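Down below is the structure, laid out as structure tokens.
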Amino acid sequence: MKAFRIAGLALALVLPAGPCGAAEAVNLILNWTPTADHSPFYYAKSQGWYEKAGIDLTIEVGKGSGVSSLKVGSGGSPFGIADLATMLVAKSKGADVVALMSIYANTGQTFYWLKSYGVNGPKDFPNHKIGNPPGDASRVMWPAFAKAAGIAPDSVNFVNVGPTAKIAALKSHTVDIISDFYNEHDLKVIEFGADLGYVNWKDIGLNPYGNSLIVNGTYLSKNPKLVEEFVKISQKAYAACVADVAPCLKALLDQASGLDKENQQRQWERIKFLMTDEFTTTKALGWIDAERMKKDYELVQTYLGMEKPFDVNTAFSVEMLDANVKMDASKVKK
């Protein structure tokens with residue numbers, strides 16, 4: 001009996017008194033409602049990858065990059081997804097944010113028009129109406145586009161059109177041109193066919209980074225290992241979805257209602273294009289280039305304004321990325 005008590009005491013000394021290795025509750029706020037570009041996070045969560053790394057992930061629906069930047073910057077959420085230009089503006093206003101991984105290595109900003117309206121390219125934009133919301137980034141940064149296209153900034157008229165009404169406005173000829181993101185490209189192709197014309201901002205030399213994974217700076221300094229795990233798991237998930245998107249979209253559709261599977265599949269094909277550049281294919285998937293960030297900073301400073309200028313190198317880090325995980329350009333349809 002005495003031996004049993006001694007054995008029991010020894011066992012008590014080596015076993016934890018309470019729960020051990022409890023997962024850390026971590027929140028990720030999206031830039032908007034869940035769509036195909038967010039599916040890797042849902043896929044990695046469904047596979048238990050975050051949980052295995054000690055991360056109990058909650059994915060929060062967002063209400064724009066401005067909201068996600070401010071929530072992460074204030075410490076309300078450790079991680080978020082935000083357009084990098086918007087994040088830079090937030091940082092200039094005091095938001096404690098750092099970008100860790102690009103999702104859209106290329107800008108998704110695109111102008112669409114109908115050729116039957118007498119528009120065949122940016123040179124024909126003058127004296128035409130462009131439809132988009134007042135705060136739309138393409139409207140705010142229009143002077144940069146106009147300069148790159150070689151047209152006068154005041155040569156067009158802007159018409160207020162809500163995000164979901166753009167296609168209808170173009171179809172009814174309420175406007176001649178609309179702005180939208182390239183991942184929604186196929187909806188316009190289906191609607192307008194051969195009459196559709198478009199130009200992505202990259203095509204005229206304007207290519208700021210788009211949606212990216214961001215983190216609260218203080219959280220990063222206090223939890224570097226967890227942040228590194230989160231980044232590498234997310235990076236691995238994006239690579240897995242590039243290889244085969246089917247299970248990723250299933251994970252997304254299982255959690256997000258109201259999405260059309262075929263539309264999300266089409267979106268993902270465009271998203272792969274936006275993910276691909278010379279750095280994500282050679283350095284690492286999600287790579288953020290320092291020289292491009294400097295240009296983005298200058299673009300934002302000129303057209304959006306910086307409340308308090310800062311060293312752009314403090315706004316991003318690629319140290320958490322796994323250099324062995326690269327974007328597979330062979331999976332991108334031409």
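Peptides 251-262, 48-59 ranked from most to least packed, by the mean per-residue count of other Cβ atoms within 10 Å: 48-59, 251-262. Here the Karplus relation 6.51 cos²θ - 1.76 cosθ + 1.60, evaluated at θ = phi - 60°, turns the backbone of the range 200-205 into coupling constants of 7, 4, 4, 5, 10, x Hz, with x for every Gly and Pro. Straight-line reach from residue 333: taking Cα to Cα under 20 Å and skipping same-chain neighbours fewer than 8 places apart, the lysines in range are 188, 202, 261, 272.
Considering only 206, 155, 237, the residue lying farthest towards the positive end of the dipole of the range 148-239 is 237, judged by Cα position with unit charges set on Cβ. Taking Lys and Arg as +1 and Asp and Glu as -1, the other residues whose beta-carbon sits under 12 Å from that of residue 73 total +2.
Between 281, 41, 141, the Cα set farthest toward the positive side of the dipole of the chain (charges on each charged residue's Cβ, about the Cα centre) is that of 41.
The alpha carbon centroids of the range 107-141 and the range 280-333 are separated by 26 Å. For the range 207-334, the share of accessible area belonging to carbon and sulfur comes to 49 percent (1.4 Å probe, ligands and nucleic acids excluded). Amide H to amide H, with H built 1.01 Å from N, residue 24 comes under 5 Å of 55, 56, counting only residues 5 or more places away or on other chains. Filter the chain for me: DSSP H helices, axial length by Cα at least 24 angstrom, mean Kyte-Doolittle hydropathy not below 1.6. List them by residue number. Both cut-offs are met by no helix. Neighbours of residue 50, meaning other residues whose beta-carbon lies under 9 angstrom from its beta-carbon, give a summed charge of -1 when Lys and Arg score +1 and Asp and Glu score -1. For the chain, the solvent-accessible area with a 1.4 angstrom probe is 47 square angstrom per residue. Take every DSSP beta bridge whose two residues both sit in the chain, then give the antiparallel share in percent to the nearest 5. In the chain, DSSP labels about 55 percent of beta bridges as antiparallel. Compactness of the range 210-334 was expressed as the Cα radius of gyration divided by 2.2 N^0.38 Å, which yields 1.20. Dipole magnitude for the range 208-334: computed about the Cα centre from +1 point charges on Lys and Arg Cβ and -1 point charges on Asp and Glu Cβ, it is near 260 debye.
This structure gives Rg/Rh (Cα atoms, Kirkwood Rh), computed directly, and of (i) 1.07; (ii) 0.95; (iii) 1.11 that value is listed as (i).
The values are calculated or read from the model by the stated rules, or taken from the named source; none is laboratory data. Just so we're clear, the structure is a prediction, and the values are computed from it rather than from any experiment. A quick note on method: Cβ atoms are made from the backbone with ideal geometry, for glycine too, and the neighbour counts reach across all protein chains shown. Just so you know, the surface numbers come from the protein's heavy atoms only, side chains and all, with ligands and any DNA or RNA stripped out. Shrake-Rupley method; radii C 1.70, N 1.55, O 1.52, S 1.80 Å.
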